[in-house]
Every structure is written in C-alpha cells, then in structure tokens.
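**Q** Attaching a single structure in structure tokens format; questions to follow.
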Amino acid sequence: MAEAKNGTRVLWGAGSARPLRAHWMLHELELSYDSRPIRSRSGETLTPEYTRLNPSQKIPTLQDGDFVLSESAAIVNYLATAYGASKNLCPPAAVMERARYDQWCFFAMMELDANTLYIIRRHEDLKEIYGEAPNALQTARECFAKQARAAAERLAATGPFVLGERFTGADILLTTCLAGALRRKIELPGALHDYLQRTTARAAYQRAVAANTPRSSADRKFAAPR
Ligand SMILES: N[C@@H](CCC(=O)N[C@@H](CS)C(=O)NCC(=O)O)C(=O)O
C-alpha cells in the first residue's frame, strides 16, 4: 500500500501552510515519497517543467505515479481515500459523516483560508507586492475571529477532533488555518488553543513540519517504515 500507484510519489512544495497539509497527510499514512521543496515567489513555481504539472504555478502539487493533483485539500482527501482505509482518515462517500467531513473541509478552505487568511497574507505580509488595503485587512481579521468562534462552538459539540474521537484530514485543514491565524496574532477562543495542542502533538505533524522546512537533501526522501 505504501508504494505509489504507478512509479514514484513526489510532493512539490515546502515552506508554507498549504504544502504542510500534504506533507502531514503523507506522514500520517507513513507513505514513502520524494520531496521537491520548491517555494512560492522563488521563481521555482514558474519553470516550464512545473507549469506543465500545475498551470496555476502554485504549491503544493502531488505526483502519484502518473497521476498529478493540485489543491492542498484535494491532495489531503485523495491520499486519505487512496491509502488510508485502515486508518479511517476520510469517511467513505455517501454517508452523513462524509457530508459533515466535507462541511469542515470547505469551511476551513473557504471561510478560514481563502476568504480571510489569504487576504491577510496578501495585504499584510506581502503588501509590497499586493498593496495596502486597511479596510479589507480589518474585515478579514474580524471575519476570521467570528468564524473561529463558530468553529469552537461546533467543536464543543463533537470534540476532541472535528468528527469526534478520531483524527481525520479535516483536522489537518483546520489546524493549518488556525496556526496561520495565531502567527498573525488573531485571538482564538481557549477551546481552539486546546484543540491545537492535541493536533500539533501528533508525531506525524512534527515530521511534516520538518519536511516542510528542509535543511538538507537528507530531508527530501521519506521511506515508509518497514
Ligand atoms: N488553493 C490552493 C492555494 C495554493 C497557494 O496559494 N499556495 C501558495 C503558497 S502557500 C503559492 O503557491 N503561492 C504562490 C503564488 O501565489 O504565486 C491550495 O490550497 O493548494
């Protein structure tokens, strides 16, 4: 199960929250892979070779043999579905639990990532590229805080993880968004701090963070445990 479907498994991307999601799922599943730690805005996503794989010129991109996939949430869910049956990291389709899982995934990707965090990233961290937009920035911060309160309320009803007792791919998406908010000094409800402590204490998370910040070429090849 740990081998790629058709040859080598390669993950492109490192250095930020979105590639981290894919590294994390690969490590949860203990899958072997080669890492190509290209970074955003380094020019490395603009090469013809990479553009053929991902015309959006963004990271991450997964090559699983000859299957190529972009979008961090799609990669997390694909890996969990293709290789994670025994670990149950993504509920099977056509059940209410899967719908609940999807609700959390889309919530994290839209309400927390695209609608708010990405706006903050662009107009705060990268304002020299994207320009200043104080009103958009303030609204994004307020919206994130409001949606974080909603997440805390929902979590109180299910906890310790978003689907209850078991950790899933939706926890990877939620955790990486909440961690991004903390880095940007957005206040989170106490329950979300407790939640983050639970999810980031996982060994696979620690390994994924190391893979996402490679220090040498030794950090670029991951073998499945025997
Ligand atoms: N929706 C995409 C977003 C990917 C994305 O924006 N990646 C950033 C790095 S975290 C990137 O590649 N930025 C380069 C750029 O915008 O040119 C996903 O979740 O995979």
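We did not get these values from a lab; they are worked out from the coordinates using the rules stated. This structure is a prediction, so every number in the text was calculated from the model and none was measured. So basically every Cβ, Gly included, is an ideal-geometry build from the backbone, and we count neighbours across all protein chains shown.
**Q** Once you compute Rg and the Kirkwood Rh from C-alpha atoms, what is the Rg to Rh ratio for the range 157-226?
**A** In the range 157-226, Rg relative to Rh is 1.04.
**Q** With only alpha-carbon atoms in the gyration tensor, what are the semi-axes of the equivalent ellipsoid for the chain, in Å, largest first?
**A** Taking √(5λ) for each eigenvalue gives 27, 24, 15 Å, largest first.
**Q** I've got another one for you. Show me, for the range 9-19, the HN-Hα J-couplings you get by feeding each phi into the Karplus relation (A = 6.51, B = -1.76, C = 1.60, θ = phi - 60°), rounded to Hz, glycine and proline as x.
**A** Once rounded to whole Hz, the list reads 9, 10, 10, 9, x, 6, x, 8, 5, 6, x.
**Q** Can you report the principal axis dimensions of the range 105-157 using only the alpha carbons, biggest first, rounded to whole angstrom?
**A** Extents along the principal axes, in whole Å: 42, 19, 12.
**Q** Could you give the radius of gyration (one decimal) and Dmax (whole number) of the Cα atoms in the range 96-202, in Å?
**A** For the range 96-202, the Cα-based Rg and Dmax read 14.1, 45 Å.
**Q** Now for a separate question. Go through 145-157, 109-121, 92-104, 125-137 and give me the packing order, highest mean Cβ count within 10 Å leading.
**A** Descending packing order for the listed peptides: 109-121, 145-157, 92-104, 125-137.
**Q** Output the relative contact order of the range 51-105, whole-number percent, from Cα pairs under 8 angstrom with separation of 6+ residues.
**A** Computed over the range 51-105, the figure is 18 percent.
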